[in-house]
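Student: One structure, as structure tokens, below. Some questions next.
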Amino acid sequence: MPGTMTESATTATVRELVTEFAGLTGLDPPSARPRRYLWTDAYAVCNYLELFRRTGDASCRDLALALVDQVHHTLGRHRDDDQRTGWISGLPEEEGEAHPTRGGLRIGKPLPERRPGEPFDERLEWERDGQYYHYLTKWMHALNRMSRVTGDPTYLRWAMELARAAHAAFTCTPPSGGRKRMHWKMSIDLSHPLVPAMGQHDPLDGFVTYSELQAAAGKSPHLNLSPEIADMAGICQEGNWATDDPLGIGGLLFDARRVAELMIGGGPSYPDLLRSILDSALAGLAAFARGGSLQHSAEYRLAFRELGLAIGLAGARDLVEGIRENPDVFGRGSLERRAEALVDYVPLADAIVEFWTDDRNREAGTWTGNRDINTVMLATALAPGEFLIV
């Protein structure tokens, strides 16, 4: 949060942003044909829950509930321009209502998915529908937060069902054998890959998110992701997390924060993984800072990518405090030093948020062309509490 804004001013700005988002996308007032996009909506759910936590205004919680329902009834069902109808899981109507995530959730891209046999076009593929694993994990996290805030275990069950469906579809064993790998993009019905290459951080994101859900579920025999967690641990052994992409670095910091919280909460100990994540994040931060992209004008900057970094850095001080106060979990020395080094980069987050809260910079085409995602990620960067917590 920029030092010039009080908490009440920040809360008011976040409310303005998410009110704008609700109107633009058909959430409030509700539209018969809302514009839903899974990544954006996962952040927005956390925005509404954070406003509810800050203000006690039940209408904010109700908007989070309404958004989850809209996402499931839009992205959990086939597109209006698809010959197929109903739930993408193929379940009958009543069963699909009870298990809306069992077939995964569509991305929400504007164009239909690429048909079997249709030539691959890399540029068009970015605009085509399907399912992205890293969007699904964000939605699992949002559902877990819904369950924690409302006390309703249904949302956690839906998150676990989504985890199982995504894992079964996105992971594969190469024909030549060896370790399992992952597909980056799957078809709407999860029957075949649309982009078979593996996303760099998808295994890590899956491992941490599954672990988060398992911690929330406790030892319930009906909510068990142990096989999926073991699979992801194996895939992560060959992981290379280093990146200079600000959104990717922010994701690493988010994962580091969650790993640390799970360890503090009595979960399995992953000090080597945490060390690896922090090393990759620090290398990426150094490279990003050297690049000087924050000196450019708004027309040459992508707000949502920068804001992803700001969100991740927002948890840096809490990460340091958690490690420092729990030497029995983390030991003394290397992990604490790595976390402390992150704090040196927190001014980058402040600069990013201050830049994009300036109305003049939000007139640029790079903002207006990605208005929905930019809006909710700015709201999250300003008030990240409900998003960052597990």
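Readers should treat all values here as calculations from the given coordinates under stated rules, not as data from a laboratory. This one's a predicted model, so the numbers in the text were calculated from it and none came from an experiment. Here the Cβ positions follow ideal geometry from the backbone for every residue, glycine too, while neighbour counts run over all protein chains shown.
Student: Out of A163, A379, A287, any idea which swings most in a Gaussian network model of the chain, alpha carbons joined below 10 Å?
Tutor: A287
Student: For the range 93-236, what does the alpha-carbon gyration tensor say about shape, rounded, prolate or oblate, given a ≥ b ≥ c as the root eigenvalues, a/c under 1.5 as rounded, and a/b over b/c as prolate?
Tutor: oblate
Student: The range 344-390: which trypsin sites (Lys or Arg not before Pro) are DSSP loop and have at most 16 other beta-carbon atoms within 10 angstrom?
Tutor: On the way: sites: R360, R362, R371; in loops: R360.
Here the trypsin sites (Lys or Arg not before Pro) that fit, given the DSSP loop and packing criteria, are R360.
Student: Would you please classify the overall shape of the range 184-256 from the alpha carbon gyration tensor, given that a ≥ b ≥ c denote the square roots of the eigenvalues, rounded means a/c under 1.5, and beyond that prolate means a/b larger than b/c while oblate covers the rest?
Tutor: Working: a/c = 2.01, a/b = 1.23, b/c = 1.63.
Oblate shape, in that a/c is at least 1.5 and b/c is the bigger or equal ratio.
Student: Using θ = phi - 60° and the Karplus relation 6.51 cos²θ - 1.76 cosθ + 1.60, list the HN-Hα couplings for the range 36-47 in order, rounded to whole Hz, with x at every Gly or Pro.
Tutor: 9, 9, 5, 4, 4, 5, 4, 5, 5, 4, 5, 4
Student: Which of the GluC sites (Glu not before Pro) across the range 91-196 are loop residues per DSSP, with 15 or fewer other Cβ within 10 Å?
Tutor: Working: sites: E93, E94, E95, E97, E113, E122, E125, E127, E161; in loops: E113, E127.
Hits after loop and neighbour filter: E127.
Student: Within the range 217-232, name every residue whose backbone N is under 12 Å away from a label modeled 7 Å from Cα of R164 along the Cβ vector.
Tutor: Taking a point 7 Å out along Cα→Cβ of R164, the residues of the range 217-232 whose backbone N falls under 12 Å are 221-228.
Student: Same structure, new question: Counting only residues 5 or more places away or on other chains, whose amide H sits under 5 Å from the amide H of L105 once H atoms are built in the peptide plane?
Tutor: Long-range HN contacts for L105: none found.
Student: Another one. Can you give the FRET efficiency to the nearest 0.05 for Q295 and D359, using r as the Cβ-Cβ distance and R₀ = 22 Å? Could you put the intermediate results ahead of the total?
Tutor: Details: r = 20 Å, r/R0 = 0.92.
Here the calculated transfer efficiency is 0.60.
Student: Excluding same-chain residues fewer than 8 positions from K109, which aspartates and glutamates have a Cα within less than 17 Å of its Cα?
Tutor: Partners found: D41, D80, D81, D82, D121, E122, E125, E127, D129, D189, D372.
Student: If you take the square roots of the eigenvalues of the alpha-carbon gyration tensor of the range 50-124 and sort them as a ≥ b ≥ c, do you get rounded (a/c under 1.5), prolate (a/b over b/c) or oblate?
Tutor: Numbers: a/c = 3.57, a/b = 1.73, b/c = 2.07.
Cα axes put the range 50-124 in the oblate bin.
Student: Multiply the residue gap between L24 and A12 by 0.36 nm, knock off their C-alpha separation, and tell me the result in nm, one decimal place. Don't skip to the answer; put the middle values down first.
Tutor: Values: separation 12, 0.36 × 12 = 4.32 nm, distance 1.85 nm.
Length gained, L24 through A12: 2.5 nm.
Student: Between E340 and L111, what's the calculated FRET efficiency when r is the beta-carbon distance and R0 is 56 Å? Round to 0.05.
Tutor: Working: r = 46 Å, r/R0 = 0.82.
That gives a FRET efficiency of 0.75.
Student: With θ set to phi - 60° and the Karplus curve 6.51 cos²θ - 1.76 cosθ + 1.60, what are the ³J(HN,Hα) couplings of the range 48-62 in order, to the nearest whole Hz, using x for Gly and Pro?
Tutor: 5, 5, 5, 5, 4, 5, 6, 10, x, 6, 5, 5, 5, 4, 5
Student: Could you pull out every residue, at least 5 positions away or on a different chain, whose amide H is within less than 5 Å of the one on K185? Hs are placed 1.01 Å off N in the peptide plane, and Pro or chain starts have none.
Tutor: L194, V195
Student: Kindly state, to the nearest 0.05, the FRET efficiency for R148 paired with E118, given R0 = 35 Å and r defined as their beta-carbon distance. Write out the running numbers ahead of the final one.
Tutor: Numbers: r = 42 Å, r/R0 = 1.21.
That pair, R148 with E118, gives E of 0.25.
Student: Under a plain spin-label model, where a point goes 7 Å from the Cα along Cα-to-Cβ, how far apart in nm are R35 and R371?
Tutor: About 0.7 nm, to one decimal.
Student: Could you derive backbone 3J(HN,Hα) for the range 227-235 from the dihedral phi with the Karplus parameters 6.51, -1.76 and 1.60 (θ = phi - 60°), listing whole Hz in sequence and x where the residue is Gly or Pro?
Tutor: Taking θ as phi minus 60°, the curve returns x, 5, 5, 5, 4, 5, 4, x, 5 Hz for the range 227-235.
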